[in-house]
Amino acid sequence: MIKINNLSRIFRTLDLETAALSNINLTVNEGEFVAIMGPSGCGKSTLLSILGMLDSPSSGSFDFDGCDIAKFNEKKLAQLRKASIGFVFQSFNLIDELTVYENVELPLQYQKISKGERKQRVEAILKRVGIDHRSDHLPQQLSGGQQQRVAVARALVINPKLILADEPTGNLDSKNGDEVMAMLRELNKEGTTVIMVTHSEKEGDYADRLVRLLDGQIMLDKANQVGIKVDMQSEVA
């Protein structure tokens with residue numbers, strides 16, 4: 001699904017040049033759950049922004065679903081992003097003036113989907129993430145865990161090929177954080193590709209592959225045996 005070669009991202013000012021990413025090579029296959037890990041400032045969020053087509057590399061290539069997106073203009077990138085990628089942010093990024101239903105429906109309104117189909121898809125996805133009983137509530141009337149469920153529903157309603165999660169439990173207590181991570185893991189087991197940025201080893205255990213960054217470079221890329229064991233234990237249970 002994703003293949004990047006010799007990718008670098010350099011930020012320049014009048015007096016300073018900073019390499020946020022340096023010669024990154026990474027392939028992510030369809031159906032994987034990948035955790036990108038590392039300390040603050042290592043380039044995790046920059047890499048996720050590029051994978052989400054919100055930022056462009058300074059050099060190198062980026063193929064998404066077989067297409068070299070370096071050739072795409074901003075309009076075509078936006079169309080691909082809206083149709084293929086669901087985003088889950090640490091800060092939820094819900095619109096306070098819209099209800100739960102309206103927040104989840106919003107991405108579909110950009111895709112010229114009929115009102116009837118929008119209603120069917122929103123109701124189905126709200127039920128899937130267990131927040132359908134709050135569909136008429138505003139975000140500030142929900143707990144942090146409930147808001148993140150709404151954010152996950154909004155990401156899923158477009159039937160994305162890829163979910164990008166940026167510190168998805170950063171603003172949650174441990175119980176709600178565990179529930180959100182279990183939900184992401186379940187979605188992955190159902191076939192959705194997930195790439196998650198995190199500094200938490202506990203969150204990393206949910207992934208089946210760990211990519212560790214340091215100073216803008218990949219230091220480690222390996223299968224996560226802990227994540228595999230977690231799945232095996234849940235299946236036995």
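Tallying residues that are touching a residue at least 12 places away in the same chain (Cβ under 8 Å) and open to solvent by less than 60 Å² (accessible area, probe 1.4 Å) within the stretch 167-178 yields 7.
Among the residues making up the stretch 59-71, those that are out of contact with any helix residue (DSSP H, G or I) (no Cβ under 6 Å at 6 or more places or on another chain), at negative phi and crowded, with 16+ Cβ neighbours inside 10 Å are Phe64, Ile69.
Residues that are without any contact (Cβ under 8 Å) to a residue 24 or more places away in the chain and either under 19 Å from Met53 (Cα atoms) or of a type in the set (Ser, Thr, Tyr) (or both) number at least 3 in the following helices (runs of 4 or more DSSP H) confined to the stretch 68-166: 74-84.
Looking only at residues of the stretch 179-204 that are closer than 17 Å to Phe92 by Cα and of a type outside the set (A, V, I, L, M, F, W, C), we find that the one that is least open to solvent (accessible area, probe 1.4 Å) is Thr198. Give the residues of the stretch 13-43 that are of a type in the set (D, E, K, R) and out of contact with any Ser or Thr (no Cβ under 8 Å at 6 or more places or on another chain), sorted by residue number. Asp15, Glu17, listed by residue number. Can you tell me which condition Ala19 does not meet? The list is (1) farther than 26 Å from Gly177 by Cβ; (2) in contact with a Gly (Cβ under 6 Å, 6 or more places away or on another chain); (3) open to solvent by less than 40 Å² (accessible area, probe 1.4 Å), and all the others hold. All conditions pass for Ala19, except number (3). Within the stretch 127-138, the only residue that satisfies the criterion of being crowded, with 20+ Cβ neighbours inside 10 Å and either at pLDDT 95 or above or more than 19 Å from Leu108 (Cα to Cα) (or both) is Arg134. I'd like to check something: does the stretch 1-10 contain any residue that is in contact with a Lys or Arg (Cβ under 8 Å, 6 or more places away or on another chain) and either within 23 Å of Glu201 (Cα to Cα) or open to solvent by 30 Å² or more (accessible area, probe 1.4 Å) (or both)? Yes: the stretch 1-10 contains one or more residues that are in contact with a Lys or Arg (Cβ under 8 Å, 6 or more places away or on another chain) and either within 23 Å of Glu201 (Cα to Cα) or open to solvent by 30 Å² or more (accessible area, probe 1.4 Å) (or both).
The values are calculated or read from the model by the stated rules, or taken from the named source; none is laboratory data. As the structure is a prediction and not an experimental result, all values here were calculated from the model. All Cβ positions, glycine included, derive from the backbone under ideal geometry; neighbour counts span all protein chains shown. Surface areas here come from the heavy atoms of the whole protein model, side chains and all, with no ligands, DNA or RNA. Shrake-Rupley method; radii C 1.70, N 1.55, O 1.52, S 1.80 Å.
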